[in-house]
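The values are calculated or read from the model by the stated rules, or taken from the named source; none is laboratory data. Please read all numbers here as calculations on a predicted model, not as lab measurements. In this analysis, Cβ positions are derived from the backbone assuming ideal geometry, glycine residues included, and neighbour counts consider all displayed protein chains. Ligands, DNA and RNA are excluded from the accessible area calculation, which covers all protein heavy atoms including side chains. Shrake-Rupley method; radii C 1.70, N 1.55, O 1.52, S 1.80 Å.
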Amino acid sequence: RVAMSYRRGALIVLEGVDRAGKTTQCKKLVQALQESGRPAEMMRFPDRTTKMGKLISAYLEKKSNLEDHTVHLLFSANRWELVPLMRQKLEQGVTLVVDRYAFSGVAFTSAKPGFSLEWCMSPDVGLPKPDLVLFLQLHPAAAEQRGEFGAERYENSDFQKTVLQRFEQLMKDPSLNWQVIDAAKSIEDLHKQIKTHSDTAITTAESQPIGELWK
Ligand code: ADP
Ligand code: FDM
C-alpha cells in the first residue's frame with residue numbers, strides 16, 4: 001500500500017465550454033508526457049463505450065429521452081464504474097488526462113431549472129480527486145468562430161452561457177487546484193502552459209495519496 005501510493009500518477013482534468021480546445025489539448029498533453037518518458041493515458045467522460053455510456057450517448061444524440069435526475073445519476077454512475085480502473089492506473093504510476101469530469105456533470109445539470117449545485121454534486125462526492133483542474137476559458141463569441149453548434153443535446157448558446165456561470169461557481173472552491181487558462185491563445189501556447197502546470201502537479205502528486213473529491 002505504501003509502496004503503491006508512492007510515485008503514483010496524477011489525475012489531471014480538462015474542463016471548459018464547448019469548442020474551447022479540451023480534446024485537442026488532452027491529446028497533445030498525453031503525447032508530450034509520453035515523449036518525456038512519463039506513462040500517461042487519456043480518458044473522457046462520458047465514456048460512451050460502456051453499457052451506461054450507450055444510454056447516455058443515445059440521450060445526447062436525442063435518440064432517447066430520459067428524466068433529468070435519472071440522466072444526471074447515469075453520468076455519475078459512468079464515472080463510478082471506471083473508478084477501479086482509474087485507481088489501478090494511478091497506483092501503477094500512470095498519469096490520467098481526463099476530458100471532462102464531475103465538474104461538467106454539475107455544471108450541465110445545475111444549468112437546468114430546479115437543480116441546486118449541492119444536489120448535483122452529491123453523487124460524485126468521494127470520486128478520485130483531481131490533482132489539477134485546467135479550465136479552458138473562452139468567450140462564447142470566440143467559441144462560435146470555431147464552428148457551428150452540432151445537433152446534440154445542450155448545444156445551444158443560451159444553455160451554454162448558464163453552464164459557464166455554474167462552472168464559475170465551482171471554480172471558487174479553494175480545496176481544488178483550479179488553473180484557468182485563456183483558451184483564445186494558439187494551440188502551441190496553450191499546450192506549453194498546460195504542460196508546465198501538469199509537470200508541477202505530477203511532481204506534487206507523487207508523494208501524496210489520492211484525494212477524495214468534495215469530501
Ligand atoms: P472541445 O473538446 O473543447 O470541444 P476541440 O479540441 O474539439 O474542443 O476543438 C474545437 C475546434 O476548435 C476544433 O476545430 C479545433 O481544431 C479548434 N481549436 C482547438 N484549439 C484551438 C485554438 N487554440 N485556437 C483555434 N482553434 C482551436
Ligand atoms: N455532460 C458531460 C453532462 O451533461 N454531464 C456530465 O457528467 C458530463 C461528463 O455531455 F454536452 C455533457 C457535456 C456535453 C456532453 O459532450 C458530452 P462531449 O462532446 O462528448 O464532450
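Each Lys and Arg Cβ is given +1 and each Asp and Glu Cβ -1; about its Cα centre, the chain then shows a dipole of about 460 debye. Normalised by the number of residues in the chain, the average gap of Cα pairs under 8 Å and 6 or more apart makes the relative contact order 35 percent.
Between TRP119 and THR162, what FRET efficiency comes out of the Förster formula 1/(1 + (r/R0)^6) with R0 = 22 Å and r the beta carbon distance, rounded to 0.05? Calculated transfer efficiency: 0.85.
Using a Förster distance of 30 Å, how high is the FRET efficiency between ASP173 and LYS27, based on the Cβ-Cβ distance and rounded to 0.05? Kindly include the intermediate steps, with their values, before the conclusion.
Details: r = 27 Å, r/R0 = 0.91.
Once rounded, the FRET efficiency stands at 0.65.
Take 180-187, 32-39 and order them by the average number of nearby Cβ atoms within 10 Å per residue, most first; the result is 180-187, 32-39.
Carbon and sulfur atoms: what percent of the 1.4 Å accessible area of the chain do they account for?
So the carbon and sulfur contribution to the accessible surface is 53 percent.
Taking a straight Cα-Cα cut-off under 16 Å and skipping sequence neighbours fewer than 8 places away in the same chain, the lysines within cross-link reach of LYS54 are LYS62, LYS63.
Once the piece of chain linking LYS51 and GLU155 is laid out straight, how much longer is it, given 0.36 nm per residue of separation minus the C-alpha distance between them?
On the way: separation 104, 0.36 × 104 = 37.44 nm, distance 2.36 nm.
So the chain would gain 35.1 nm between LYS51 and GLU155.
Averaging the sequence gap over all C-alpha pairs within less than 8 Å and six or more residues apart, then dividing by the number of residues, gives segment 21-118 a relative contact order of 36 percent.
Accessible area per residue of the chain at 1.4 Å probe, in Å²? Mind dumping the intermediate values first?
Numbers: 10420 Å² over 215 residues.
On a per-residue basis, the chain sits at 48 Å².
A straight Cα-to-Cα reach below 13 Å connects LYS215 with the aspartates and glutamates GLU118, ASP124, ASP173, residues fewer than 8 places away in its own chain not being considered. Per-residue ellipticity at 222 nm, computed for the chain from helices alone with -39500 (n - 2.57) per DSSP H run of at least four residues, works out to -14000 deg cm²/dmol.
Each part gets one Cα centre, and for segment 98-127 versus segment 155-199 those centres are 16 Å apart. The count of lysine pairs in segment 69-184 that are at least 8 places apart or cross chains, and whose C-alpha atoms lie under 21 Å apart, stands at 5. When DSSP beta bridges are restricted to pairs lying wholly in the chain, around 5% turn out antiparallel.
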